[in-house]
Amino acid sequence: MDDRAFAAPEPAAGTAPALPMAVLAELTHRCPLQCPYCSNPVELEAASRELSTEDWQRVIGELAALGVLQIHFSGGEPLVRRDLVTLVAHADRAGLYTNLITSAVMFTRAKVAELAEAGLAHVQVSLQGASAPLAERIGGFRGGHAKKIEAAGWVREEGMALTLNAVMHRQNLDELPRIIDMAVEMGAQRLEVAHVQYYGWALKNRAALMPTLAQLDEATRIVEEGQARLAGVLAIDYVIPDYYAVRPKTCMGGWGRQFFNISPSGKVLPCHAAETITGLRFDSVREAPLAEIWQRSEALNLYRGTGWMQEPCRSCIHAEEDFGGCRCQAFALAGDAAATDPACAKSPLHARLFSLAGAEAEAGSDRFLYRNFSGGTPEG
Ligand code: FES
């Protein structure tokens with residue numbers, strides 16, 4: 001790549017980025033499921049705006065040249081794309097570690113074999129619950145639960161690594177012990193027990209999803225017991241809901257530091273929710289080489305490092321550990337993406353957040369707004 005062709009300004013002193021490790025390639029926002037906590041933006045990108053097979057192949061080549069190690073094919077549901085096997089094979093040949101993040105409801109036995117043959121190394125299957133009636137109500141898709149269990153078996157038969165991702169909230173936490181048992185029975189190496197994070201669709205559904213503090217404490221106890229009992233059998237990762245946290249999470253490992261997303265239409269985003277921050281301008285892989293975008297993108301440089309921080313983050317001893325927490329959450333709750341993440345106990349909004357979580361959870365409104373291209377459909 002010829003640096004002289006770059007027109008954008010240099011990043012500010014001290015913020016020059018290291019090489020990115022991994023990319024989330026959101027091939028499409030199309031999905032047969034309608035989960036009310038979907039991480040896609042509320043404004044979904046139409047199929048007509050998706051990158052072509054050739055675009056993605058060029059981008060995958062640029063990722064490998066940039067030093068990216070892992071590509072996570074995601075969506076929406078990436079199996080909607082007819083060229084998924086072609087893209088996986090291309091990424092494997094380019095030397096990238098490949099992971100498929102899927103609901104698994106569109107898998108066929110033949111497709112699993114084709115993906116394994118193409119070099120797919122790892123599959124992450126989402127679980128909405130442990131029982132079919134609840135899981136299918138949450139996902140808004142009938143027949144999906146049994147299909148996931150069957151497809152997970154095919155993944156293991158093909159020798160691919162399997163992770164299960166269980167997004168937890170007030171309406172499915174009672175099924176957590178059974179979900180842990182299912183992960184063992186399905187032959188998963190890893191289970192992610194991830195409480196909902198409240199951006200985009202999940203923020204719209206917060207009142208129907210927020211757990212009570214008692215539920216959270218019980219979930220933590222169950223996870224810790226499972227981690228001890230299943231050591232060497234199943235690794236269990238645990239993400240607690242920010243609203244009940246004391247310290248903020250190191251969101252994305254720090255903004256523009258190790259990871260980035262590419263949206264279905266080619267926008268390069270520091271995280272899946274960054275489009276919720278109004279006023280940011282994102283560069284597109286349609287218009288510039290990835291190496292240039294990684295270095296010079298205005299959006300990626302805005303909250304890179306620690307130079308942008310205000311007090312109390314600026315003088316905090318944890319500034320280099322959590323990089324100020326989540327910028328999207330700061331924007332959603334404080335109205336300023338440069339504010340301290342309200343998940344942090346040092347934020348002036350923290351106490352309000354904590355009591356809001358408790359109040360919404362106790363109110364017990366259970367009705368979902370399902371995610372779809374029409375802006376959401378209320379549960380009937
Ligand atoms: Fe965007 Fe946390 S989700 S910074």
Practice item. Could you check how much of the accessible area of the range 153-301 is carbon and sulfur, as a whole percent, using a 1.4 Å probe? Key: 51 percent
Practice item. Would you tally the net charge around ARG221, using a Cβ to Cβ cut-off of less than 15 Å, leaving ARG221 out, and scoring K and R as +1, D and E as -1? Key: -4
Practice item. Specify whether the C-alpha gyration tensor of the chain places it in the rounded, prolate or oblate class, a ≥ b ≥ c being the square roots of the eigenvalues: rounded for a/c under 1.5, otherwise prolate if a/b is larger than b/c and oblate if not. Key: oblate
Review point. What helices does the chain have that are whole DSSP H segments, at least 18 Å long along their own axis by Cα, and with mean Kyte-Doolittle hydropathy of -1.0 or more?
Key: 53-66, 144-157, 213-229, 350-363
Review point. Dipole of the range 130-280, Cα-centred, from +1 at each Lys and Arg C-beta and -1 at each Asp and Glu C-beta, to the nearest 20 debye?
Key: 480 debye
**Study point:** Ranked by how many other beta carbons lie within 10 Å on average, peptides 120-128, 297-305 from highest
**Key:** 120-128, 297-305
**Study point:** Cα lying deepest toward the dipole's positive end in the chain, options GLN57, SER103, GLY119, charges on Cβ
**Key:** SER103
Check your understanding: From the phi of every residue in the range 193-206, what ³J(HN,Hα) in whole Hz does the Karplus formula 6.51 cos²θ - 1.76 cosθ + 1.60 yield, where θ is phi - 60° and glycine or proline is x?
Key -> 9, 10, 5, 3, 9, 9, 10, x, 4, 5, 5, 5, 9, 4
Check your understanding: Taking H as built 1.01 Å from N, whose amide H comes closer than 5 Å to the amide H of LEU127, not counting residues under 5 places away?
Key -> ASN165, ALA166, VAL167
Revision key, fill the gap. Heavy-atom accessible area per residue of the chain, all protein chains kept, 1.4 Å probe, expressed in Å², is 41 Å²
Revision key, fill the gap. Among ALA135, ALA343, LEU216, the residue whose Cα sits farthest towards the positive end of the charge dipole of the chain (+1 at Cβ of Lys and Arg, -1 at Cβ of Asp and Glu, taken about the Cα centre) is ALA135
Point to revise | Check: the range 213-307 dipole with +1 on Lys, Arg Cβ and -1 on Asp, Glu Cβ, in debye | key: 280 debye
Study note, to complete from the structure: For SER374 and ASP55, extending 7 Å from Cα along the Cα-Cβ vector and measuring point to point gives, in nm, a value of 2.7 nm
Point to revise | Relative packing of peptides 358-366, 241-249 - highest average C-beta neighbours within 10 Å first | key: 241-249, 358-366
Practice item. Mind giving me the nanometre distance, one decimal, between the label points for LYS346 and ASP181, set 7 Å out from Cα along Cα→Cβ? Key: 4.5 nm
Check your understanding: For TRP255, what is the net charge nearby, where nearby means another residue's Cβ is under 9 Å from its Cβ and Lys, Arg count +1, Asp, Glu -1?
Key -> +3
**Study point:** Stretchable slack from GLU298 to ALA132, in nm (0.36 nm times residue separation minus alpha-carbon distance)
**Key:** 55.3 nm
Check your understanding: With every protein chain present, what accessible area does HIS350 have (1.4 Å probe, heavy atoms only), rounded to the nearest 10 Å²?
Key -> 20 Å²
Study note, to complete from the structure: With +1 on the Cβ of every Lys and Arg and -1 on the Cβ of every Asp and Glu, the dipole magnitude of the chain about its Cα centre, in debye rounded to the nearest 20, is 380 debye
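The values are calculated or read from the model by the stated rules, or taken from the named source; none is laboratory data. All values reported here derive from a predicted model rather than from experimental measurement. Counting neighbours? That spans all protein chains shown, and the Cβs are built from the backbone with ideal geometry, glycine included. Side chains are part of the model used for accessible areas, which takes the heavy atoms of the whole protein and leaves out ligands, DNA and RNA. Shrake-Rupley method; radii C 1.70, N 1.55, O 1.52, S 1.80 Å.
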